[in-house]
Amino acid sequence: MDAVTRRLLVLASLGVRLLKYTACLVFLVNLRSWPLSWHFRVFSPLIALRLRLHLLRLRLLFKPRHVKQRAKAQWLAALSPVGKSPFDVTVAWKGWASPDDCDYNLHLSNSCYAKSLDSARLAHVLKCFPTFFRAGGWMPLGGTHYTFLREIPILARYEIRVRIVSWDNKWLFLVAHYVTKSKPSKTQKRATKQPAAEHRLPPTPPEHDARAQQAPVPLLHTPATPLLLTSGTPEDAATPVRATPDAKPDAHAVAVAAALRMHADPDDDVTLHCVAVSEVCFKVGRITVPPALVLTCDGMCDARAAAAGSGSSDGAGGEGDDAAAGEGFSHARPPPFWAEVKRLRGSELELGGLRAFYAGGWREVGAREDGGEDGGARWWEAALGGEVEARRRAGMAVVGALKTGMDGMEVGARGK
């Protein structure tokens, strides 16, 4: 009897130990879903900026006060992307499809696309508009639209590449591409071994898959070939047709993609999984700030347009001509309108003047009809002309139609 009791106690202890290890494993697997883990991932770029600022203060700990203030002002001013085009700033946020982010089909869940985009979007806006946030601004999200092209498998590493695609008087539109990098080692070897005429068969649809018929839950897959809408009459457009590998893209889509420069770098071998379009606006309190003003107050511009607007500035014409010739603008060679921005930003340590300008002072610029000192063209709009304006219009041809359609759906829903 004692031997049996000892064996039962040993089995019980082993069972308790197994449960402990299983519980620890479950907690570790779901590490990214722990409380405050999402907040840490989202605000990690802001935390990194704060740490860099504190390190600067430590280096200047024994310096005079005026030296500290000058160094801090220079560090804050260097955060602005002076001289860059709004369309040339791309932020790549790296992540991976962890088990707690995947669904029962063992690929990234649809809800996790939005969760990851929060981190990538904040990293992008912090890089593009650091001064706006320092002036007390905030950016509400108006909506996000997703197009899923191909699933991201579990444990796969992926990137979210965020950049500006267009803007109007109120909304700024961001496009995010979810991509994974291909493995050229195995893929290229298989491509060289296979004949040129051989093609890989597309994945079996769930309705013809025997595994799907026996599954206790429905298997959800992204179609291998996307659905395209016909460009004929409205009756034809209501009937979707499936694209084939040999089908030629629509001419309008090719023109828009060329204008937006949305194609990938030929040297960058990636697979596109999802495209997301977000619309955000800029607020100071309850007042909406035009996106063009926010862009130029952080130094973004079109080099040729900004140089063309420098003709009336004394001594700035040669500098603008050099930038237009290809040298571009930068902190060392600022655009002509940067003098007005520096007047608004002041010492960089206190942005009260810029905040007041954001909060409504910009409305007075160009409002007078007598052409006085406060009149004339709005410099922030002139600085974003030329090629930037052409690409902005091309982007609005895409995202503007998307927003118009969603607004129509909202009106229709409220009408019911």
Within region 74-111, residues being under 16 Å from the mean Cα position of the chain (by Cα), crowded, with 19+ Cβ neighbours inside 10 Å and among the hydrophobic types (A, V, I, L, M, F, W, C) number 3
Do you know which of the residues in region 27-45 that are surrounded by 12 or more Cβ atoms within 10 Å (Cβ to Cβ) and among the aliphatic types (A, V, I, L, M) is farthest from the chain's Cα centre (by Cα)?
V29
Residues (farther than 13 Å from S166 by Cα, open to solvent by less than 60 Å² (accessible area, probe 1.4 Å) and in contact (Cβ under 8 Å) with a residue 40 or more places away in the chain) located in region 386-416
G386
Being crowded, with 20+ Cβ neighbours inside 10 Å, touching a residue at least 40 places away in the same chain (Cβ under 8 Å) and of a type in the set (D, E, K, R): is that true of D118 here?
no
Is region 367-385 home to any residue that is modelled with pLDDT of 65 or more and loosely packed, with under 12 Cβ neighbours inside 10 Å?
yes
One residue from A48, A12 being surrounded by 11 or more Cβ atoms within 10 Å (Cβ to Cβ), part of a helix (DSSP H, G or I) and of a type in the set (G, A, S):
A48
Is it the case, given these coordinates, that F62 is without any contact (Cβ under 8 Å) to a residue 40 or more places away in the chain, out of contact with any strand residue (DSSP E or B) (no Cβ under 9 Å at 6 or more places or on another chain), among the aromatic types (F, W, Y) and not in a loop (DSSP other than H, G, I, E, B)?
no
Among T5, T22, the single one that is in a helix (DSSP H, G or I) and surrounded by 10 or more Cβ atoms within 10 Å (Cβ to Cβ) is T22
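Residue-wise test of (1) farther than 21 Å from V125 by Cβ; (2) at pLDDT 90 or above; (3) open to solvent by less than 20 Å² (accessible area, probe 1.4 Å); (4) within 28 Å of the chain's Cα centre (by Cα).
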| residue | (1), (2), (3), (4) |
| --- | --- |
| H273 | yes, yes, yes, yes |
| G285 | no, yes, no, yes |
| T288 | no, yes, no, yes |
| A303 | yes, no, no, yes |
| D322 | yes, no, no, no |
| E327 | yes, no, no, yes |
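The values are calculated or read from the model by the stated rules, or taken from the named source; none is laboratory data. From a predicted model like this one, the values you see are computed outputs, not experimental measurements. In this analysis, Cβ positions are derived from the backbone assuming ideal geometry, glycine residues included, and neighbour counts consider all displayed protein chains. Accessible surface areas use protein heavy atoms only, side chains included; no ligands, DNA or RNA. Shrake-Rupley method; radii C 1.70, N 1.55, O 1.52, S 1.80 Å.
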